[in-house]
Amino acid sequence: MDLALTSLSRPPWPEVAYISPEEQQSQHAAVVKKVNGLIAQENLQRLFAVVHFASRQWKVTNEDLILIENHIEAECGDRIRMEKVLMVGGEDFTLIGRPLLGKDLVRVEATVIEKTESWPKVHMRFWRRHRFQRKRIIVQPQTVLRINSIHLAPRLE
């Protein structure tokens, strides 16, 4: 007796086809070869990077400005290097770190442009019918960074 295939007899998503480790390594080698060829041409146009800085993740490109909600230890005009790079890519490829890309693979440099304070923000607490009012003025330190360059290593490993 043939059983009819119903939606309850198998899951609605397609079966996952597992590939062998040898085929997976050959696919990996082909991708690395293609990306190395793109990097060797040095026709990368505009690179982007996702960096982790000041407890946040920022997607940056060359000449971007970043406003950070606190002061960092560098002075105005100092060049800093952002070492926690999560992802870098261009028009034709993207390199994703697990969780970070190596320091020798990508280099993102920035300059401290300005260290200032934010506009005064009013934090008001108020209870109805209780004659309770509290007013607090909040001013936060801010730092402005300019991304100078995103450099990629000449060859992937």
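Please treat every number below as a calculation from the coordinates, not as lab data. Model, not experiment: these values are computed from the prediction. Positions of Cβ are backbone-derived with ideal geometry, glycine not excepted, and every protein chain shown enters the neighbour counts.
At a Förster distance of 35 Å, what's the computed FRET efficiency of GLU109 paired with ARG134, Cβ-Cβ distance as r, to 0.05? Write out the running numbers ahead of the final one.
Details: r = 44 Å, r/R0 = 1.27.
Efficiency for this residue pair is about 0.20.
So what's the gap between the Cα centers of the stretch 1-78 and the stretch 94-119, to the nearest angstrom?
So the separation of the two Cα centres works out to 17 Å.
Return the aspartates and glutamates within reach of LYS121: Cα separation strictly under 19 angstrom, same-chain partners fewer than 8 residues apart disregarded; answer none if there are no such residues.
The reachable aspartates and glutamates, counting only those whose Cα sits under 19 Å from LYS121, are GLU69.
Using 0.36 nm times the number of residues separating VAL32 and ASP78, minus their current alpha carbon distance, what extension gain do you get? Numbers along the way, then the final one.
Details: separation 46, 0.36 × 46 = 16.56 nm, distance 3.55 nm.
Using 0.36 nm per residue and subtracting the Cα-Cα distance, I get 13.0 nm.
How much mean residue ellipticity at 222 nm does the chain get from its helices, if each DSSP H run of length 4 or more adds -39500 (n - 2.57) and you divide by all residues, to the nearest 500 deg cm²/dmol? The partial results should precede the final answer.
Values: 1 runs with 21 residues, N = 157.
After summing the helix terms and dividing by residue count, I get -4500 deg cm²/dmol.
Could you work out which residue, out of GLU83, GLU23, GLU117, moves most in a Gaussian network model of the chain, that is, has the largest mean-square fluctuation with Cα springs under 10 Å?
So, out of GLU83, GLU23, GLU117, the one fluctuating most is GLU23.
When only C-alpha pairs under 8 Å and at least 6 residues apart count, what is the relative contact order of the stretch 32-142, in percent? Walk me through the intermediate numbers first.
On the way: 166 pairs, mean separation 26.2, N = 111.
Across the stretch 32-142, relative contact order equals 24 percent.
With axes computed from alpha carbons, what is the tilt in degrees of helix 21-41 against the longest principal axis of the chain, rounded to the nearest 10 within 0 to 90?
Helix 21-41 sits roughly 60 degrees off the main axis of the chain.
Rg (Å, one decimal) plus Dmax (Å, integer) for the alpha carbons of the stretch 23-157?
Looking at the stretch 23-157, its Cα Rg and Dmax stand at 21.2, 74 Å.
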